[in-house]
1. I'd like the full set of residues that are closer than 20 Å to THR69 by Cβ, under 18 Å from the mean Cα position of the chain (by Cα) and hydrophobic (A, V, I, L, M, F, W, C), limited to region 86-129.
2. Please list, ordered by first then second residue, the pairs with beta carbon atoms under 8 Å, 6 or more apart or interchain, first in region 122-140 and within 28 Å of PHE54 (Cβ to Cβ), second in a loop (DSSP other than H, G, I, E, B) and of a type in the set (A, V, I, L, M).
3. If the requirement is being farther than 19 Å from GLN136 by Cα, more than 11 Å from the chain's Cα centre (by Cα), at pLDDT below 55 and surrounded by fewer than 16 Cβ atoms within 10 Å (Cβ to Cβ), which of these qualifies: GLY34, GLY19?
4. Restricting attention to region 84-96, does a residue exist that is in contact with a Lys or Arg (Cβ under 7 Å, 6 or more places away or on another chain), in contact (Cβ under 8 Å) with a residue 12 or more places away in the chain and in a loop (DSSP other than H, G, I, E, B)?
5. Restricting to region 41-52, name every residue that is touching a Gly at 6+ places or on another chain (Cβ under 9 Å) and either surrounded by fewer than 17 Cβ atoms within 10 Å (Cβ to Cβ) or at pLDDT 90 or above (or both).
6. Kindly provide the set of residues from region 130-140 that are surrounded by fewer than 18 Cβ atoms within 10 Å (Cβ to Cβ), under 14 Å from the mean Cα position of the chain (by Cα) and not hydroxyl-bearing (Ser, Thr, Tyr), ordered by number.
7. Select from region 100-129 the residues that are outside any loop (DSSP other than H, G, I, E, B) and aromatic (Phe, Trp, Tyr) and write down the one among them that is surrounded by the most Cβ atoms within 10 Å (Cβ to Cβ).
Amino acid sequence: MRGLEPGAALLCAALLCGGCAPPILGENRVGKPGQMVTADLRDYRIEVMRGQPFEVRLPSNPSTGYRWTIVESPVELIDQIETVRYLPGRTDVVGAPGEERFNFLAVKPGAGPLKLEYRRPFEPAQVVAAQRATFQVEVR
């Protein structure tokens, strides 16, 4: 019986070990007093103090017809303080992606989910969103 080639053995070891690592869930954004907290798709939890502003930044390309919309929000805990802003990417190429920014203010202690979906507003509700983002917001 012959052994594995050195490269094949290394590949097998990498594949076997790759399934052992826990999934990366994202980061926990914790706000410091007087500081704006920003979160993006790498984050899953936002912790802020009452009266503290925070911003959610999500990749977007409006030239495709897609937009981020809030589908669930802990409205008793946070207020949206600015309408959604789109900032183009750092390029002058037409149709290049940028990001949408949502600004909030923490108003009351508690916790709840903030859920957003990336979809085309003109498509029927049965069409599955192209992307979803969920953040657990905790106001202290």
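1. Correct list: LEU87, PHE102, PHE104, LEU105, LEU114, LEU116, VAL128, ALA129.
2. Pairs that qualify, where the first residue is within 28 Å of PHE54 (Cβ to Cβ) and the partner is in a loop (DSSP other than H, G, I, E, B) and of a type in the set (A, V, I, L, M), are ALA133/LEU41; VAL137/LEU77; VAL139/MET49; VAL139/LEU77; VAL139/VAL107; ARG140/MET49.
3. GLY19
4. no
5. Correct list: LEU41, ARG42, TYR44, ARG45, ILE46, GLU47, VAL48, MET49, GLN52.
6. ALA130, GLN131, ARG132, GLN136
7. That would be PHE104.
The values are calculated or read from the model by the stated rules, or taken from the named source; none is laboratory data. No experiment lies behind these values; they were computed from the predicted model shown. Heads up, the Cβs are rebuilt from the backbone with ideal geometry, glycines too, and the neighbour counts pull from every protein chain shown.
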